[in-house]
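K.L.:
The structure under discussion is supplied below as structure tokens; questions concerning it will follow.
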Amino acid sequence: MKILVVGGGGREHAIIKKLNENPAVDVIYAVPGNAGMAEDAECVKISVSDLDAIVDFAKSHFVDYAVVAPDNPLVDGCVDKLEEAGIPSFGPRANAAIIEGSKVFSKNLMKKYGIPTAAYEVFTSAADALEYVKTCPIPTVVKADGLALGKGVVIAETREDAQAAIVSIMEDKKFGASGDSIVIEEFLTGPEVSVLSFTDGKVVVPMVSSMDHKRALDGDKGLNTGGMGTIAPNPYYTPEIAERCMKEIFLPTMHAMNKEGRTFKGCLYFGLMLCADGPKVIEYNCRFGDPETQVVLPLLKSDLLTIMQAVTDERLADVEVEFSDGAACCVVVASDGYPGSYEKGRPLVIEDEVKDKVFVAGAAFKDGVLVTNGGRVLGCTATAEDLPSAIKAAYEVVEKVHFDNAYFRHDIGAKALKALE
Ligand code: AMP
Ligand code: GLY
């Protein structure tokens, strides 16, 4: 079989390694992939936003199955175009990917169908929003409606912060048209849990839960990033809470999307907060999370391609989705300065003995040498029988990867270990 994977980061590397475990897979094309995954996939220099070129490539190379991983191409209809060209694909169509593509849509969906989430107001005028934050409870949360590279959320500790966020998103158009509308919502507190799920619109099958570490610095300090590390399973996510989430959030969301004529097929990501009065949705993503995928898929015992094809064919209930009882930890090694400005092009060495434990997020070849090519460069991942061992093993992998100005957090999993005590 010929598989095409759209995307080029650590998440895609984790997906590709897992797909390669299926003996029926002959070749995987990564569009665009990155140099660090060249041993696992054939990298094709096409941008993830050039949907027509992706479809042309898939057709001319007789691709049997496509997996679209990143948010932008999903929201822009990459799966629609691939399927129209006769190529079965994993991922939601554009009319369902809107669950991530528009926060106004997802908040209104949750309100309409009684799915627990933070109380909110929608604004299409900066003047109205500025008036509202004069008196709303503080802290408050300001969110750009559309996709914003994961940076469209501002936790405003003061009224001035809230005003500044509104001006920057709605008037200065920091995220372009994504800021034409905003959501201002209640500030919630509680442990956060990421639950990725497979769904074909008929059943929802949650994957093992995980915990992201979004801030750049130890102790959850510093700027928000795309994620500096993950652990799975998330110890806060007990079987009782999981049962409640299925009943109050996962199934209601699937049914709501069906009722709206927007059946979601693919990986639906639930970003949850476990509040004192129950679990609530912080965000939906229409895709695998990154770096969550880098801990979740190594724990998947069943065959990923089989599951994905079952999602496409709407027979997910018939296949086995089994996770190991162990734990996993992923420590992201980034270029110093990330998520601000950072240098690229540093020679990158991954020692042979850990090659199978490193997902490469940002690398390129320069004069035949592997060099860094991104903020997040590597995801050093280990699985073990329990969380403490997985964390220890992941940091041992970190010792065996090398580039100048490498930066990583030293406390990935520390909060989870505390919860276990
Ligand atoms: P998002 O980009 O939607 O994942 O938001 C980024 C982060 O902001 C989340 O992981 C939360 O930590 C935080 N956040 C978002 N919404 C809220 C909220 N209503 N209350 C408290 N924290 C929030
Ligand atoms: N790690 C969070 C995300 O993928 O959105």
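K.L.:
Could you give the dipole magnitude of the chain about its Cα centre, charging the beta-carbon of Lys and Arg +1 and that of Asp and Glu -1, in debye to the nearest 20?
P.N.:
On the way: 42 positive and 62 negative charges, 117 e Å.
Dipole magnitude for the chain comes out near 560 debye.
K.L.:
Relative contact order (percent) for the chain, with alpha-carbon contacts under 8 angstrom and 6 or more residues of separation? Spell out each step's value before the answer.
P.N.:
On the way: 994 pairs, mean separation 69.2, N = 421.
It comes to 16 percent, rounded to a whole number.
K.L.:
Calculate the FRET efficiency for ASP26 and VAL369 from the Cβ-Cβ distance with a Förster distance of 41 Å, rounded to the nearest 0.05.
P.N.:
Result of the calculation: an efficiency of 0.90.
K.L.:
Another one. Pop a pseudo-label 7 angstrom from the Cα along the beta-carbon direction at both HIS402 and VAL167 and give the gap in nm to one decimal.
P.N.:
Reported label-point gap for HIS402 and VAL167 is 4.9 nm.
K.L.:
Right, another one. Using Cβ counts within 10 Å as a stand-in for footprinting exposure, how do ARG409, ARG346 rank, fewest first?
P.N.:
ARG346, ARG409
K.L.:
Please report LYS280, LYS103, LYS112 as a ranked list, fewest other C-beta atoms within 10 angstrom at the top and most at the bottom.
P.N.:
On the way: LYS280 21, LYS103 26, LYS112 11.
Ascending Cβ contact count within 10 Å gives the list LYS112, LYS280, LYS103.
K.L.:
I need the Kirkwood Rh of the range 77-127: take the reciprocal of the average 1/r across all distinct C-alpha pairs and report it in angstrom.
P.N.:
Its Kirkwood hydrodynamic radius stands at 13.0 Å.
K.L.:
Taking every DSSP beta bridge that has both residues in the chain, what percent is antiparallel when rounded to the nearest 5?
P.N.:
If we restrict to bridges inside the chain, about 80 percent are antiparallel.
K.L.:
Mind checking the range 1-47 for trypsin sites (Lys or Arg not before Pro) that DSSP puts in a loop (not H, G, I, E or B) and that have at most 14 other Cβ atoms within 10 Å?
P.N.:
Working: sites: LYS2, ARG11, LYS17, LYS18, LYS45; in loops: LYS45.
Hits after loop and neighbour filter: LYS45.
K.L.:
Sticking with this one: Applying 1/(1 + (r/R0)^6) with R0 = 30 Å to the Cβ-Cβ distance of ASP318 and LYS112, what FRET efficiency is obtained, to the nearest 0.05?
P.N.:
0.45
K.L.:
Counting other C-beta atoms within 10 Å, which of CYS330, CYS286 has the fewest, and how do the rest follow?
P.N.:
CYS286, CYS330
K.L.:
If I stretch the segment between ALA419 and ARG244 completely, what's the gain in nm (0.36 nm per residue apart, minus their alpha carbon distance), one decimal? Numbers along the way, then the final one.
P.N.:
Values: separation 175, 0.36 × 175 = 63.00 nm, distance 1.98 nm.
Value of the extension gain: 61.0 nm.
Bear in mind that the values in this text are calculations on the coordinates, not laboratory data. The structure presented is a predicted model; accordingly, all values stated were derived computationally and were not measured. No Cβ is skipped: glycine too gets one built from the backbone with ideal geometry, and neighbour counts run over all protein chains shown.
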